[in-house]
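Novice: Structure in structure tokens, see below.
Values in this text are rule-based calculations from the coordinates and carry no lab data. Everything numeric in this text was worked out from a predicted model, so none of it was measured. Positions of Cβ are backbone-derived with ideal geometry, glycine not excepted, and every protein chain shown enters the neighbour counts.
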2 protein chains.
Amino acid sequence: MSLTLKQLRYFVAAANQASVSKAAQALSISQSAVTEAIKELESYLGVQLFIRQPRGMTITPEGQQFLRHAISILAEVANATRVASAGAHRVTGRLNLGVTSLTAGYVLSDVLSRYRRLNPDVDVTAVEDTAEYLEHLIIGGELDVAVMVTSNLRNAQALQSEILEVSSFRLWLPIDHPLNRQQSIALSDVADEQLIVLDVDEMEQEAVKLLSAFGKRPRIAFRTRSVEAVRSLVATGAGVALLPDLVYRPWSLEGDRIHSRDVSGTLPVVQVGLIWRRGSAISDAAREFVAVAQAQHEVKQR
Amino acid sequence: MSLTLKQLRYFVAAANQASVSKAAQALSISQSAVTEAIKELESYLGVQLFIRQPRGMTITPEGQQFLRHAISILAEVANATRVASAGAHRVTGRLNLGVTSLTAGYVLSDVLSRYRRLNPDVDVTAVEDTAEYLEHLIIGGELDVAVMVTSNLRNAQALQSEILEVSSFRLWLPIDHPLNRQQSIALSDVADEQLIVLDVDEMEQEAVKLLSAFGKRPRIAFRTRSVEAVRSLVATGAGVALLPDLVYRPWSLEGDRIHSRDVSGTLPVVQVGLIWRRGSAISDAAREFVAVAQAQHEVKQR
DNA sequence: GGTCGGTATCGGTTTTTCCGAACGAAAACC
DNA sequence: GGTTTTCGTTCGGAAAAACCGATACCGACC
């Protein structure tokens, strides 16, 4: 046999849900079908994609890497059908994008590279700034679309938005941290820890607000604007961090492992999405951008 | 039903061969299977991909556009399996590429965008120059790999090469040109025409050499370094052109139609490929580049 | 008008996919 | 410490799909 799109879809679903049965449910299909598709995929690639555990599955590093490819392929397929079905006029013109420093690396890069390949005749420019200023530029008509955290927009009534990704806060720990031995971690446990905070996109306020509920002032060990720095600091034991799952990666640049754990109780979520000006007609180039981003988003959700 | 990789493979084959039955033969499969797969694909997309003619099929503009997507998807799939099967180490380092002005737009751009996405940690630089000078830079170790016409290398013994694409010369005509009414066109017919020549990568010498065989000196109406200009000039009736099929597109920038016709007798072919220095160890980053380019090439061939 | 080169259609067969039930294994629960 | 719960896997049979070969069909070419 050879590789099948169906296998990729099932694989992505299973990876998202970290469970064969949940994936099967989401796909409205039987568990055994998913199991067999993934098994087939693994034997075809000659790589183990998941580690089966009694309580679900966790993806292997190789699986993680293949997952990126699988999502990319499915997104490409979605775009191909969309473009073909819509009719074949080439979009030209100019597109002015805005990003925040957080979304630039973790959301925009994928979408943008695909967009440029699909619409080579569009002149794309992107500026990076704070969420607040991006809103200002959108409303002023200087930007067409911005990619940013949309959970707390300041001028919601003047803006239209589309959620691309919902990501909940989780706790990052070095692999040998004492809290790792607890089955469940409460927010109050975290309040006693040294904290590494990320000083972009209001991530700091969010984390501090969470912890301040316990009366004590959070102990901030380090404040940085670089996610990579947070990872390195957490990995080497300088402290723990509360950040959206979106930016989590299991390894730091130096190769040290990082764990990400749920905190009991409901932690807030951040919504990352697109915004554009409400009311005014949106350009073809901008509409295409929204569509490309949505296609990628939908594929990931499965 | 939903879209299938198998459908894409069959479609690409049929598009390449401009024939269902030839494609079936190439795929070692029955003709009806290919017919049905393509029909299914068309009804799924809601777009007609081919115009059926008594003497084979020609691809529609929508089909042409979808073909690019299909090839891109298949190439992505090939790379995903290759990377997964090979094991998951990220390639880093630097890659110095060389291109000629012809290969930059028509060959490199696709491969390079895919390469950058697959290997974000590699620092890529590219220089554009003449084939002769690129060879010099390769031998001197200043470039790792070059993408160029490899039909007539000057220093073949010092270089290793890998063919990516073989493209034969064809005649470009405006749609209403008298020669279009002839069933077959001889080279001697062309010798009387006004010629538009492309002044890059020795395309001019090649075309002139072909026509000089008839004693007369070819009538060169225009000499330009831009393929787009050639297309526009041909479309508006300023002359005809002899160029490799690789750079043919059915429309000029202005939207005017151009025909491409075989010339009876065997016209020479140009080989476009990669070259690198023979003997010296090739870097990981360069090997990856060769592999990505090959994957794309193989997909197209089907 | 017949042949030739090609595509579309159709019944029958093979292969693939899917389901549901049974199985097994580790964690959670009492 | 045993039982229950929750998963993932395995397996036989059923449903669906892909494939094949033969045949019908259609326009160009002679």
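Novice: Determine the dipole magnitude for region B:1-156: charges of +1 sit on the beta-carbon of Lys and Arg, -1 on that of Asp and Glu, nothing else is charged, the reference point is the Cα centre, and the result goes in debye to the nearest 20.
Specialist: Details: 14 positive and 14 negative charges, 129 e Å.
With only Lys, Arg, Asp and Glu charged at Cβ, the dipole is about 620 debye.
Novice: Hey, another quick one. Of the candidates B:130, B:150, B:35, which one comes out as most mobile in a Gaussian network treatment of chain B with C-alpha springs shorter than 10 Å?
Specialist: It is B:35.
Novice: Once R0 is set to 60 Å, what does the formula 1/(1 + (r/R0)^6) return for the Cβ-Cβ distance between residue B:48 and residue A:214, expressed as a FRET efficiency to the nearest 0.05?
Specialist: Details: r = 65 Å, r/R0 = 1.09.
Between residue B:48 and residue A:214 the formula returns 0.35.
Novice: Comparing B:186, B:235, B:75, which has the greatest mean-square fluctuation in the GNM of chain B with Cα pairs linked when under 10 Å apart?
Specialist: B:186
Novice: Partner chain Cβ atoms within 10 Å, averaged over the residues of A:78-84 - can you pull that number for me? Kindly include the intermediate steps, with their values, before the conclusion.
Specialist: Working: counts 1, 3, 10, 9, 1, 7, 13.
Per-residue shielding by partner chains comes out at 6.
Novice: I would also like to ask the following. Distance in nm between label sites at residue B:251 and residue B:187, each 7 Å beyond Cα in the beta-carbon direction?
Specialist: Taking the simple label geometry, residue B:251 and residue B:187 are separated by 3.5 nm.
Novice: Shifting gears a bit: Kindly write out, for region B:139-145 in residue order, the coupling ³J(HN,Hα) from the Karplus curve 6.51 cos²θ - 1.76 cosθ + 1.60 (θ = phi - 60°), rounded to whole Hz, with x marking Gly and Pro.
Specialist: Along region B:139-145, the couplings run 5, x, x, 7, 10, 8, 9 Hz.
Novice: Work out Dmax and Rg for chain A from the C-alpha atoms and quote the Rg first, both in angstrom.
Specialist: Cα only, chain A: 20.8, 61 Å (Rg, Dmax).
Novice: Which three lengths, in whole Å and largest first, does region A:158-205 cover when its Cα atoms are put on their principal axes?
Specialist: Between the extreme Cα coordinates on each principal axis of region A:158-205 lie 47, 22, 19 Å.
Novice: Take the alpha-carbon centre of region B:25-104, take the same for region A:117-161, and report the distance between them in whole Å.
Specialist: If you average the Cα positions of each part, the centres end up 34 Å apart.
Novice: May I pose another question? Compute the relative contact order of region B:167-270 as a whole-number percentage, counting only Cα pairs closer than 8 Å that sit 6 or more residues apart in sequence. Provide the component values of the computation, followed by the final result.
Specialist: Working: 192 pairs, mean separation 48.2, N = 104.
Computed value for region B:167-270: 46 percent relative contact order.
Novice: Calculate the FRET efficiency for residue A:163 and residue A:132 from the Cβ-Cβ distance with a Förster distance of 25 Å, rounded to the nearest 0.05.
Specialist: Details: r = 19 Å, r/R0 = 0.78.
So the FRET efficiency works out to roughly 0.80.
Novice: Something else about it: Would you compute, for the Cα atoms of region A:167-270, the largest minus smallest coordinate along each principal axis and list the three values in descending order, in whole Å?
Specialist: 35, 31, 24
Novice: Now for a different question. Taking beta carbons within 10 Å but only from partner chains, what does the mean come to for residues A:58-71?
Specialist: Values: counts 0, 0, 1, 1, 5, 2, 1, 6, 6, 0, 4, 9, 4, 0.
Per-residue shielding by partner chains comes out at 3.
Novice: Could you quote the convex hull projected area for region A:62-208, Cα atoms only and averaged over all directions, in nm²?
Specialist: Convex hull of Cα atoms, orientation-averaged projection: 12.2 nm².
Novice: Next question. Ordered by packing density, taken as the mean number of other Cβ atoms within 10 Å over each peptide's residues, highest first, how do A:164-172, B:187-195 rank?
Specialist: Highest-to-lowest ranking by the protection proxy: A:164-172, B:187-195.
Novice: Taking each residue of A:3-10 in turn, how many C-beta atoms of other protein chains fall within 10 Å of its C-beta, and what is the average? Spell out each step's value before the answer.
Specialist: Numbers: counts 5, 4, 9, 3, 1, 3, 1, 0.
Shielding by partners across A:3-10 averages 3.
Novice: For the protein assembly as shown, what is the charge dipole size about the Cα centre, in debye to the nearest 20, if Lys and Arg each add +1 at the Cβ and Asp and Glu each add -1 at the Cβ? Present the calculation step by step, with values, prior to reporting the outcome.
Specialist: Numbers: 62 positive and 66 negative charges, 270 e Å.
Dipole size: approximately 1300 debye.
Novice: Pick out, from A:182, A:80, A:118, the residue whose Cα sits farthest towards the positive end of the charge dipole of chain A, with +1 on the Cβ of Lys and Arg and -1 on the Cβ of Asp and Glu.
Specialist: A:182
Novice: For region A:212-302, what is the convex hull volume of the alpha-carbon atoms per residue, in Å³?
Specialist: Details: hull volume 17.6 nm³, N = 91.
Considering the Cα atoms of region A:212-302, their hull volume per residue is 193 Å³.
Novice: Taking neighbour Cβ counts within 10 Å as the exposure measure, how do B:89, B:297 sort from fewest upward? Can you show the working numbers first?
Specialist: Values: B:89 8, B:297 20.
The order, fewest Cβ neighbours first, is B:89, B:297.
Novice: For chain B, with a Gaussian network of springs between Cα atoms less than 10 Å apart, report the residue from B:281, B:33, B:24 with the top mean-square fluctuation.
Specialist: B:281
Novice: Moving on. Going by amide H atoms built from the backbone, whose H comes under 5 Å of the H on residue B:241, apart from near neighbours?
Specialist: B:172, B:196
Novice: Would you mind checking the radius of gyration and Dmax of region A:83-123 based on alpha-carbon positions, in Å?
Specialist: Both quantities, over Cα of region A:83-123: 12.2, 35 Å.
Novice: Quantify how much of the Cα-Cα distance distribution of region A:1-148 extends past 22 Å, in percent.
Specialist: Values: 5983 of 10878 pairs.
Every Cα pair in region A:1-148 considered, those over 22 Å come to 55 percent.
Novice: Over all directions, how big on average is the projection of the convex hull of the alpha-carbon atoms in the protein assembly as shown, in square nanometres? Please list the in-between numbers first.
Specialist: Working: hull surface 125.7 nm².
Answer in nm², one decimal: 31.4.
Novice: Give the lysines reachable from residue B:300 as a straight Cα distance under 23 Å; neighbours fewer than 8 places away on the same chain don't count.
Specialist: A:6, B:6, B:22, B:39
Novice: If you average the sequence gap of Cα pairs under 8 Å that are 6 or more apart and divide by the length of chain A, what percent do you get for the contact order? Write out the running numbers ahead of the final one.
Specialist: Working: 490 pairs, mean separation 67.2, N = 302.
Relative contact order for chain A comes out at 22 percent.
Novice: Still on this structure, please answer the following. Nearest 5 is fine: what % of DSSP beta bridges in region B:31-128 come out antiparallel, could you say? Walk me through the numbers before you get to the answer.
Specialist: Values: 4 of 11 bridges.
Looking only at bridges with both residues in region B:31-128, the antiparallel portion is about 35 percent.
Novice: Another question about this same structure. Hey, can you grab everything whose amide H is under 5 Å from the amide H of residue A:98? Only 5+ residues off in sequence or another chain; H modelled, so Pro and N-termini drop out.
Specialist: Amide H to amide H, under 5 Å and 5 or more residues apart or across chains, residue A:98 pairs with A:127, A:145, A:146, A:147.
Novice: Dipole magnitude of chain B about its Cα centre, charges +1 at Lys/Arg Cβ and -1 at Asp/Glu Cβ only, in debye to the nearest 20? Please list the in-between numbers first.
Specialist: Working: 31 positive and 33 negative charges, 136 e Å.
Here the size comes out at about 660 debye.
Novice: Something else now. Cα atoms only, region B:5-82: Rg and Dmax in Å?
Specialist: That works out to 12.0, 40 Å for Rg and Dmax.
Novice: OK, next. Taking the Cα-to-Cβ direction at residue A:55 and at residue A:301 and moving 7 Å from each Cα, how far apart do the two end points lie in nm?
Specialist: Reported label-point gap for residue A:55 and residue A:301 is 2.9 nm.
Novice: Under Stokes-Einstein, with the Kirkwood radius over Cα pairs standing in for Rh, what whole-number D in µm²/s applies to region B:62-132 at 25 °C and 0.890 mPa s?
Specialist: Numbers: Rh = 13.9 Å.
In µm²/s, the coefficient rounds to 176.
Novice: Could you tell me which residue out of B:168, A:25, B:272 lies farthest along the dipole of the protein assembly as shown toward its positive end? Charges go on the beta carbon: Lys and Arg +1, Asp and Glu -1, centred on the Cα centre.
Specialist: Farthest towards the positive pole: A:25.
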